[in-house]
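First comes the structure, then the notes that go with it.
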Amino acid sequence: MKNKPDNFHFQAKTALNNPSLQQALSKATTHILNKRARAIQELTDLETLRDRARRIKEQTIAQLNHYLLQLESEVRKAGGKVYWAREARDAQRYIAKLVKQKKAQLVVKGKSMVSEEIGLNEYLEKLGLEVVETDLGEYIVQLAGERPSHIIAPAIHKSREEVALLFQKKLGTNPEAEISKLTQVARERLREKFFQADIGITGANFAIAETGTIVLVENEGNIRFTTSLPPVHIVLMGIEKVIPTLADLVVFLKLLPRSATGQKLPSYVSLITGPRRDGEKDGPEELHLIILDNGRSRILSEPALRESLYCLRCGACLNICPVYQKVGGHAYGSVYAGPIGSVITPPLVGLYRARALPYASTLCGACRDICPVKINIPHMLLQLRQGLSYRWNRNLINPGYWLEKLLTITWSMGMKDEGRYRFGSKVARLLQRPFLKKQKISHLPYPFSRWTKSRDFTPLAAKPFRIWWEDNQRSSKDHERAD
Amino acid sequence: MKEQTDKTRLKLLKRLQKALNASPSANVAAGPCPASSSRACSVATPNLIPLLEEEITKTGGVFYLARDKEEIAQYLITLAKRVNAKTIIRDNSILLQGLKLDGVLNNEGLQVIIDYSGTRPAKETNEDKAAWRQPAKDAALGVTSIEYILADTGTVVIKSRPGLSRTLSLVPPIHVAIGEERQILPGLEALFSQGANLQPGSAVIFITGPSRTADIEQTLTIGVHGPIEFHLILLPDE
Amino acid sequence: MKAHLFVTCLVDQFFPEVGIDLVKCLRLAGVEVHFLTGQTCCGQPAFNNGFWREARSLAKRFIYLFEKADLIVIPSGSCASMVKVFYPVLFKDDPILLARAQALSQKVYEFSEFLVKLLGIETVASKYTGKITYHDSCHLLRELKIYEEPRKLLKAVKGVELVEMENSEACCGFGGIFSIKNSDISAAILQEKIDRIRATDAKVVVANDVGCLMHIAGGLSRQNLTIKTRHIAQILAAD
Ligand code: SF4
């Protein structure tokens, strides 16, 4: 069964009860965070860089049409083709047509979140194609029939033993759990695929409007293979990936790798402008750029959510998030996990379907502090929660919703008037009595039982502070009088 | 394949415009973006070689400062012997031609393939296609010239062109880049301030160290798809 | 100097002793403390849970009540952020109330911020012997950017040995409604916090927010641990 955003609570629980996952997550997130901290420290002008990156994104997105049109014309000038896809199926169909025309049988892919988003692998497999993920992490996840659980480290949830077993089962290799051996297996298996592939599909980290250049950042070399060997290269990019000029790239190249993997620069940055030129021996004969909306314009039209389009997909907010650290990527049931995923999944799949995600956060704000473009994730989560709380029509048969609403309204009535507040606090003291044992409350009725399941609850004090204050005032007045 | 009909394209553009109008960018600061403080230094750059060496070493690459051209051939021979290489592929750049490597290497029993720069036939058979790639596949060493060197990240920048294929620095298990001291720039800023030089070229690749991954348990492993070793041999200016 | 104290509903109802110590600290610092008995809650629980209509009505009430005050001191990072940061968000489509909320937000200080930034207090007269460790409450740290102030104050207390726990800036897992809606995750995050507190060997964990303290205390008590939780005012008022 595939994980779904509607199932967050169940999926989270499954993750919490999986000790090997817990261990893998804690090890991996700590490790990446440490590496990032070291790399970020080297930037003496970090805050200026972050501001600059944010400004570039802000200004580009504010004139998105202009820059996308410029990108389109530059890509065409360089000999590439451009296709505008409004929905996932537009992109799917375009690729399907291309596959048919080229009589393609084998597709190799470099890591692309967008292709996950539009379910491209399943779609192409249904058409009878062999689709091979070539990023090591993605390859592992694909062999396991799973989804990536992290933007940067797709197989973050798997231990080396699990990978060895998987390789043994699917590839018939020795069950040796040595990481370098496992890597070697992937190298050999995939090398042949690169040479045989008819089409290579990648995402884009950035697209430069001024020059029509696609920028791809990676460490393994699989993206270089994917963009160099197959005769056709398809780039799938979301509308938000465009930036104005090559000069703008500097700031992102300084921030992205540091935030993502704690590197100054990754092993390979490819700047690809059009298909191969005359006389060049390799590189694709055709380059197709697919510019995909698929719900992004909904985010664009929502002022409170717009800044989520500035995301560089560095994954730092996932690593630092206390919730992600505990539940991992699969629990979210969405292609985009973690804090930023909880913001963009609702507008992409529908607010009601993803209704648990905006609440899957303590609002601690660590994501905003670590984000290279300072995206205010907690504030957007609050906005989404607000959007959900008044959807009574969607919640008609959801008793939890009505209970919450009733409690909130009763509570806020009590808080709105001093007399009611005092009365309410007396009633509450009466109500807590049966639960009070040895100055502790260890059991409460639903929904508060959720708290007392693992924690004690502090009982209401015998007398509120205000009573003390009033007594204190009175006695000091008496005092004054007595003087 | 036919270009997209204007209708669907315009529909999407219209949709975007509507979204943009629905949410006017009130909070977008006008004016140019704040400049980064670490500008490319225009003053005489200090000796960047020690920094370069340090950075390349950090990324797991090998840096070698050659005293003269003759040393380069020697370096390649030692390297090839260490890995039992039979075949070396190199680009056809003026720099590499000028090094007159081929004869010396041949004398040591090493075959040298020079990357081909002719035009490919319009209608290629699968055998043709395979044939184009075979040389790089057979070679144990790919030797290339480079465009720029970035000292503060230990990066080399390569532009693909006829005679310098993308596969040369990608397919052989060892990539040896040969650069000259004058190609060294302090870092990314300096490079992009000469932005025009990155164009045209179907692919400009920044290479920093060997291929690596940390996809299993966040454990660094060298050489997953690309080269397992990366060497930069630097020729000092005369 | 005159200051109004907004003790927060949690202190009022659950931790009156914190309120008493707050008054003591402020008076020792020479502040004339005022307390409006009309005060209830700032509206944060409703706001965080998405019920902005209800939150707005409580926010309005707060604004009306405290508008005339010159200074408002709040012993909680999250309630202070609610007033300073989120009231303007709540009223962003109502220019009149927005202006009033913004004016009010200028006058609001979190307790430790008030003592250090506004009063410039560097020494305190209190004594408290023993190892303590400090937990950074999320809103205090990341909405209000208060990191140094409480540490300065704690270090100034005679006899205190402040031991930093590993990753003191990590959330304790409370998150208000989160602790109920996602109770299992919340408990798992709390466990990590408790482990880190225990590793310091401190007998007391201090924070500037009774919300976090209530959560941490709940976990400590369930696990029969004797480590105590204290609001910073309780340390500053100890003698
Ligand atoms: S929201 Fe920020 S931190 Fe999170 S992935 Fe995007 S850019 Fe990185």
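Using each residue's phi in the stretch C:160-172, evaluate 6.51 cos²θ - 1.76 cosθ + 1.60 at θ = phi - 60° and report the 3J(HN,Hα) Karplus result to the nearest Hz, with x for Gly and Pro.
7, 10, 8, 10, 6, 7, 5, 6, 4, 7, 6, 4, 8
Please report the projected area of the stretch A:399-482's Cα convex hull averaged over all directions, in nm².
If I average the Cα hull's projected area over directions, I get 7.6 nm².
Quick one: accessible area per residue over the stretch A:231-290, 1.4 Å probe, rounded to a whole number of Å²?
15
Averaging sequence separations of C-alpha pairs under 8 Å and six or more residues apart, then dividing by the length of the stretch A:393-483, give the relative contact order as a whole percent.
15
In straight Cα distance, which lysines are under 17 Å from A:Lys326, not counting same-chain residues fewer than 8 positions off?
Reachable lysines: A:Lys13, A:Lys27, A:Lys158, C:Lys181, C:Lys193.
Any idea what the relative contact order of chain A is, in percent, if you count C-alpha pairs under 8 Å spaced at least 6 apart? If you can, show how the numbers build up before the last one.
Values: 747 pairs, mean separation 95.7, N = 483.
The normalised contact order for chain A reaches 20 percent.
Could you check how much of the accessible area of the stretch A:208-304 is carbon and sulfur, as a whole percent, using a 1.4 Å probe? Could the numbers behind the result be given before it?
Working: 730 of 1560 Å².
The computed percentage sits at 47.
Count the lysine pairs in the stretch A:399-482 whose Cα atoms sit under 27 Å apart, keeping only pairs 8 or more residues apart in sequence or on different chains.
So the count works out to 19.
With a 1.4 Å probe, how much accessible area is buried between chains A and B, both sides summed, in Å² to the nearest hundred?
Accessible area lost upon association: around 8300 Å².
May I ask for the angle, rounded to the nearest 10°, between helix A:399-415 and the longest principal axis of chain A, with both axes built from Cα atoms and the value confined to 0 to 90°?
Rounded to the nearest ten degrees, it is 50.
Per residue, how much accessible area does the stretch A:399-482 show when a 1.4 Å probe rolls over the protein heavy atoms, in square angstrom? Don't skip to the answer; put the middle values down first.
Numbers: 5520 Å² over 84 residues.
Spelled out: the 1.4 Å probe surface of the stretch A:399-482, per residue, equals 66 Å².
Between A and C, buried accessible area summed over both sides at probe 1.4 Å, in Å² to the nearest 100?
Roughly 5900 Å².
Angle check, please: helix A:64-77 long axis (alpha carbons) against the longest principal axis of chain A (alpha carbons), in degrees 0 to 90, nearest 10.
Taking the Cα atoms of chain A, the angle to A:64-77 is about 10 degrees.
Under a cut-off of 12 Å between alpha-carbon atoms, report the aspartates and glutamates in cross-link reach of C:Lys203, not counting same-chain residues fewer than 8 places apart.
Excluding near neighbours in sequence, the set is C:Glu161.
Under the rule of -39500 (n - 2.57) per DSSP H run of 4 or more residues, summed and divided by the residues of chain A, what mean residue ellipticity at 222 nm is obtained, to the nearest 500 deg cm²/dmol?
-16000 deg cm²/dmol
At q = 0.07, 0.09, 0.13 Å⁻¹, what base-10 log of I(q)/I(0) does the Debye formula yield for the stretch A:5-298 when every alpha carbon is treated as an equal point scatterer in vacuo?
Once normalised to I(0) and log-transformed, intensities are -0.28, -0.47, -1.01.
Please report the equivalent ellipsoid semi-axes of the stretch C:2-116, computed as sqrt(5 x eigenvalue) of the Cα gyration tensor, largest first, in whole Å.
On the way: eigenvalues 113, 47, 25 Å².
Over the Cα atoms of the stretch C:2-116, the ellipsoid semi-axes are 24, 15, 11 Å.
Order A:Leu120, C:Leu119, C:Leu144, most accessible first, counting only protein heavy atoms with a 1.4 angstrom probe.
Order by accessible area, largest first: C:Leu119, C:Leu144, A:Leu120.
Could you go through the stretch A:419-424 in sequence order and give the Karplus-derived ³J(HN,Hα) for each residue, using 6.51 cos²θ - 1.76 cosθ + 1.60 with θ = phi - 60°, rounded to whole Hz, and x for Gly and Pro?
x, 5, 4, 5, 4, x
Just tell me which aspartates and glutamates come within less than 16 Å, Cα to Cα, of B:Lys129; anything on the same chain fewer than 8 places away is out.
A:Glu192, A:Asp198, A:Asp278, A:Glu280, A:Asp282, A:Glu285, A:Glu286, B:Asp115, B:Asp138
How much mean residue ellipticity at 222 nm does chain C get from its helices, if each DSSP H run of length 4 or more adds -39500 (n - 2.57) and you divide by all residues, to the nearest 500 deg cm²/dmol?
-13000 deg cm²/dmol
Would you tell me the accessible area of B:Tyr116, worked out with a 1.4 angstrom probe on the heavy atoms of the protein chains, in Å² to the nearest 10?
Counting only protein heavy atoms, the figure is 120 Å².
What is the Rg over Rh value, at two decimals, for chain C, using alpha-carbon atoms and the Kirkwood definition of Rh?
0.96
Using only the alpha carbons of the stretch A:342-429, determine the length spanned along each of the three principal axes and report them from longest to shortest in whole angstroms.
Ordered largest first, the stretch A:342-429 gives principal extents of 49, 34, 18 Å.
Given H placed on each backbone N at 1.01 Å, which residues far from B:Val62 in sequence or on other chains put an amide H within less than 5 Å of it?
Under 5 Å from the amide H of B:Val62 lie the amide H atoms of B:Phe230, B:His231, B:Leu232, each far enough along the sequence or on another chain.
On the principal axes of its Cα set, how long, how wide and how thick is the protein assembly as shown? Give whole Å, largest value first.
113, 59, 57
How much of the accessible area of the stretch B:45-155, probe 1.4 Å, is carbon plus sulfur, in whole percent? Each step should come with its number before you reach the end.
Values: 2950 of 5670 Å².
Ligands and nucleic acids excluded, carbon and sulfur reach 52 percent.
Carbon and sulfur together cover what percent of the accessible area of the stretch C:95-239 at a 1.4 Å probe radius? Don't skip to the answer; put the middle values down first.
On the way: 2820 of 5500 Å².
With neighbouring chains kept in place, the figure for the stretch C:95-239 is 51 percent.
Out of the stretch C:108-155, which GluC sites (Glu not before Pro) are coil in DSSP terms and have no more than 15 other C-beta atoms within 10 Å? Mind dumping the intermediate values first?
Values: sites: C:Glu110, C:Glu113, C:Glu122, C:Glu143, C:Glu148; in loops: C:Glu122.
Loop-located and lightly packed - C:Glu122.
For the stretch C:126-165, what is the accessible area per residue in Å² when the probe is 1.4 Å?
Value returned for the stretch C:126-165: 40 Å² of accessible area per residue.
Considering only DSSP beta bridges where both residues belong to the protein assembly as shown, give the percentage that are antiparallel (nearest 5).
On the way: 26 of 95 bridges.
Antiparallel bridges make up about 25 percent of those DSSP assigns within the protein assembly as shown.
Residue-wise, which Karplus ³J(HN,Hα) couplings in Hz belong to the stretch B:63-80, taking 6.51 cos²θ - 1.76 cosθ + 1.60, θ = phi - 60°, and x for glycine or proline?
Whole-Hz 3J(HN,Hα) from phi for the stretch B:63-80: 10, 9, 9, 7, 7, 8, 5, 4, 4, 5, 4, 4, 4, 5, 5, 4, 4, 5.
The values are calculated or read from the model by the stated rules, or taken from the named source; none is laboratory data. Quick caveat, the model's predicted, so the values are computed rather than measured. Positions of Cβ are backbone-derived with ideal geometry, glycine not excepted, and every protein chain shown enters the neighbour counts. Just so you know, the surface numbers come from the protein's heavy atoms only, side chains and all, with ligands and any DNA or RNA stripped out. Shrake-Rupley method; radii C 1.70, N 1.55, O 1.52, S 1.80 Å.
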